[in-house]
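Written below as C-alpha cells is the structure these notes are about.
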Amino acid sequence: MSKDILTRRIAVAAGRELADSVIKNGKIIDVFNGELIEGDIAIVDGYFAGIGTFEGKIEIDAKGSFISPALIDAHVHIESSMITPAEFANVVLMHGVTTVITDPHEIANVSGAAGIQYMLDSSDHLSVDVMVMLPSSVPAADFEYSGAVLNMEELSPFLGHPRVLGLAEVMNFPAVKNSDVSMLDKISETLKVGKRIDGHAAGLSDNDLNIYMAAGIRSDHEGTTAEEAKDRIRKGMYLMIREGTVAKDLKNIISAVTDRNSRRCLFVTDDKHLDDLIEEGSVDHNIRLAILEGLDPITAIQMATINPAEYYGLHDKGAIAPGYQADFLLIDNIEEVTIREVYKSGKVVVSRGKLITPEDHPVTKRAGVINTVHFRDLCKTDLQIVTPTPLANIIKINPNSLVTKHIVDKIDLDDEGRFQPSNITDYIKLALIERHKGTGLIGLGIVHGLGLEDGAIASTVAHDSHNLIIAGVNDQDILLAANELKRMQGGLVAVKNGEVLAALELPVAGLISTLPFKEVYNQLKQLNLALKELGASESFNPFLTLSFLALPVIPELKLTVQGLFDVKSYRHIEVGIPVVHSKNI
C-alpha cells in the first residue's frame, strides 16, 4: 500500500477529509461480537475507513436495512457451473458473493497446468475475487486415467501467484497415509510457504483424521452427519458445511454447530449446477437453510464471511470494520437474506437483483483446453457385459449424495450371458470411455436409481478424470450419445430412439460453455425436459449424479475406465459374481 493511500485513509478515519461515500441509517452486522450496531460507515478508495459519525461526498441511505459483509464461498469448483469464470461472477454476484475460493481440479484433470493458467487468466480483474487452491490430486487416484498428471514440479510455479492460497482438497488419502513421495512434496512445499491445505475426508475413520491433521491438512467438506462434523472440529479441523446440487449435507450437519464452535465452521457449495445457482443461490442459500434449521442469523452470516476469511488468511475481507475491503450487502430481511444491493470495493454492482455492469469474457482458443475429446469409433460389442451368473455387483445411487451403495442382486441376461438393461428393475447400463489419450479403455457397470425408462444420457463431466460417462437403457442410444459428444467436443446430451432430444456443448475441456449464462441456463432447461421424457428421477439432478459415479475416492462402489472399483477394499472388481449374496455389502 502506498503512503498516499494510507495517509488518505487515516485522514478520513480521523475526520480531516471527506469520505468517498458514507452509509447511513443501517443496522451493521458486527461479525466479531456477533451483534448489531449502529453508526455511519465511511468508505475511501474501496476500503472502510471508520464507523461512527462521518460525512462523505456521497451519502447512501440504507433505510433501516441490515448491512452485512459480502459473502465468501469457501470451496467451489467453478467448472461445475459449466460457465466461464466471468459468467460465474455474473451469477454469484446477484447472490451477494464477492469472493470465492476455487479449486480448478476439474479442468486440471483434463488440461493440466494449462487448465490452471486458463482459470487464473480468465478470472483476473473480475468483480468477484477468485482465489485459487492448487489441485492436489491430479489424477484423483494413482490408477486413474486423466488427461494430465500434476506433480510439485508443475504446481510450484503457481505457488507465488497472489491469488493462490494453498493446496486444494487432498483426496488421495492412501498417498498421505503411506507417505507417498509425490504427495509429501506437495504438502511440504505448501506448508513451507505458509499456505493452507484443504482435506477430503470422505469415509475416513477417527484415526485417519489424525493422519490428515498430522500432515498439516486443516479442513474438510466431506462430513455428512453431525457426529462426523464434531469429529472434525474435535481434531482441530475447520468444518466446511456443504450444500451443493448433489451433496446436500447441511440439514444433517447443522445441529453440530454451537455457540462454542461456530467460528470453526464455513459454508461451501463445492459442486453446484448453473440452474441451482440461479434459482437457489450460492452460500446465501446455505445461510437461509441454516436459519430455517434454527441457527442464529448472525452466526450463519459469520460462517459465510469472517470465518472463511480468517481461515484462508484473507485479512482484509469478511467484516465491516476499518481497514477492511468495502465489500458489503444491504439486506432487507435478515431471516430470509433478501439482498437489496451488493457493493464491491464501495461501488454498487447489483441493485434489486440486477447487475449494474455484467462481466464480459472472450471466447478462448487456448491450446490444451479445447479439442479434448478423443476416442476410437465404438460398436455394440464394446458395450457387452457378460457375467458367469445372474448375480452382479451394482452401483446404487443415494439421492442427493455423492456416496453410493454397493449392492448384489440378480440381473436379466440373454441366452449368451449378456446383461440386459431393465426399466422395470431400474438396472441400466453404465459406460465410462477414456477420452484423453485414446487408450481405448472402456469401463462397464450397472447402476440402479437413475430411473431412466428409455434412451440414454451422457456427459464429458465425470469427476474427477472427466472421461465420457453414459447411462442408458439400450446400446443403440448409448452409442449415439457417445458419438454426439465426440462431435461436439464435450458437453451433455440426452437421446431417445436414435434421436438427440437436447444437448449442451462444453467446448472448453469438455467442461465449460463459451455462451452467456442465460443461454446456458435455457439449454439446461431443455435438457431437464428431455430427462422427463426419458423418465429420469426428478428428486435429484441426474446429470450431476451421473458425473460423480466415476469418482473412486468416495464410497462405496464407483466406475473407472478399468471397470468397477470397490472403494472400501480399494480394488477393482468384476460386475458378475459366482457367489450368492443377499444383502448390501
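The values are calculated or read from the model by the stated rules, or taken from the named source; none is laboratory data. None of the values given here were measured: they were computed from a predicted structure. Note that we place each Cβ from the backbone using ideal geometry, even for glycine, and neighbour counts take in every protein chain shown.
Looking at K272, K317, which one is modelled with pLDDT under 95 and either part of a loop (DSSP other than H, G, I, E, B) or closer than 22 Å to L165 by Cβ (or both)?
Going through K272, K317 in turn, the sole match is K272.
Residue under question is I83, and the condition is that it be assigned by TED's automatic domain parsing to the domain that holds V342, under 30 Å from E505 (Cα atoms) and in a loop (DSSP other than H, G, I, E, B); does it hold?
In short, yes.
Regarding segment 236-249, can at least one residue be identified that is crowded, with 24+ Cβ neighbours inside 10 Å, outside the structural domain of G39 (by TED's automatic domain parsing) and among the aromatic types (F, W, Y)?
No, segment 236-249 contains no residue that is crowded, with 24+ Cβ neighbours inside 10 Å, outside the structural domain of G39 (by TED's automatic domain parsing) and among the aromatic types (F, W, Y).
If we keep just the residues of segment 336-354 that are in contact with a helix residue (DSSP H, G or I) (Cβ under 9 Å, 6 or more places away or on another chain) and not β-branched (V, I, T), which is farthest from N90 (Cα to Cα)?
Initially, segment 336-354 is screened for residues in contact with a helix residue (DSSP H, G or I) (Cβ under 9 Å, 6 or more places away or on another chain), giving 336-337, 339, 342, 344, 349-350.
Checking the rest, the ones that are also not β-branched (V, I, T) come to 336, 344.
On the way: E336: 22, K344: 13 Å.
This residue is E336.
Only one residue in T381, T372 is among the hydroxyl-bearing types (S, T, Y), modelled with pLDDT of 95 or more and within 31 Å of the chain's Cα centre (by Cα). Which one?
Matching residue, one of T381, T372: T372.
Which residue pairs have Cβ atoms under 7 Å apart, sit 6 or more places apart or on different chains, and have a first residue in segment 302-317 that is in contact (Cβ under 8 Å) with a residue 24 or more places away in the chain and a second that is crowded, with 23+ Cβ neighbours inside 10 Å and of a type in the set (D, E, K, R)?
Here the result reads K317/D327, each pair linking segment 302-317 to a residue that is crowded, with 23+ Cβ neighbours inside 10 Å and of a type in the set (D, E, K, R).
So which of G15, G46, G50, G39 is buried (at least 22 other Cβ atoms within 10 Å of the Cβ) and either at pLDDT 95 or above or outside the structural domain of A300 (by TED's automatic domain parsing) (or both)?
G50
Could you please tell me which pairs satisfy a Cβ distance under 9 Å, a separation of 6+ or placement on different chains, a first residue in segment 19-44 that is without any contact (Cβ under 8 Å) to a residue 40 or more places away in the chain and over 12 Å from F328 (Cβ atoms), and a second residue that is surrounded by fewer than 20 Cβ atoms within 10 Å (Cβ to Cβ) and among the polar types (S, T, N, Q)?
E38/N25; G39/T53; D40/N25; D40/T53
Restricting to segment 204-250, name every residue that is out of contact with any His (no Cβ under 7 Å at 6 or more places or on another chain) and of a type in the set (S, T, N, Q).
The answer is S205, N207, N210, S219, T224, T225.
Being touching a residue at least 24 places away in the same chain (Cβ under 8 Å) and farther than 30 Å from H125 by Cβ narrows it down to one residue among T372, T381, T389; which is it?
Answer to the selection: T389.
Output yes when any residue across segment 131-144 is assigned to a loop (DSSP other than H, G, I, E, B) and over 24 Å from I217 (Cα atoms), and no when none is. Show your work before the answer.
So in segment 131-144, the residues assigned to a loop (DSSP other than H, G, I, E, B) come out as 135-144.
Cutting the leftovers down to over 24 Å from I217 (Cα atoms) gives us none.
No, every residue in segment 131-144 fails to be assigned to a loop (DSSP other than H, G, I, E, B) and over 24 Å from I217 (Cα atoms).
Yes or no, residue by residue, for (1) more than 21 Å from the chain's Cα centre (by Cα); (2) outside the structural domain of G491 (by TED's automatic domain parsing); (3) of a type in the set (S, T, Y); (4) part of a helix (DSSP H, G or I):
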{"residue": "A114", "(1), (2), (3), (4)": "no, yes, no, yes"}
{"residue": "Y118", "(1), (2), (3), (4)": "no, yes, yes, yes"}
{"residue": "D124", "(1), (2), (3), (4)": "no, yes, no, no"}
{"residue": "A148", "(1), (2), (3), (4)": "no, yes, no, no"}
{"residue": "P157", "(1), (2), (3), (4)": "yes, yes, no, yes"}
{"residue": "P162", "(1), (2), (3), (4)": "yes, yes, no, no"}
{"residue": "V176", "(1), (2), (3), (4)": "yes, yes, no, yes"}
{"residue": "S182", "(1), (2), (3), (4)": "yes, yes, yes, yes"}
{"residue": "T190", "(1), (2), (3), (4)": "yes, yes, yes, yes"}
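Which ones in segment 320-329 are crowded, with 24+ Cβ neighbours inside 10 Å and either among the aliphatic types (A, V, I, L, M) or in contact with a Ser or Thr (Cβ under 6 Å, 6 or more places away or on another chain) (or both)?
Once the filter is applied, which keeps residues that are crowded, with 24+ Cβ neighbours inside 10 Å and either among the aliphatic types (A, V, I, L, M) or in contact with a Ser or Thr (Cβ under 6 Å, 6 or more places away or on another chain) (or both), segment 320-329 yields I320, A326, D327, L329.
If you check every pair at least six apart or on different chains, which have Cβ atoms under 7 Å apart with a residue in segment 549-571 that is assigned by TED's automatic domain parsing to the domain that holds P174 first and a residue that is in a loop (DSSP other than H, G, I, E, B) and at pLDDT 95 or above second?
Pairs found: none.
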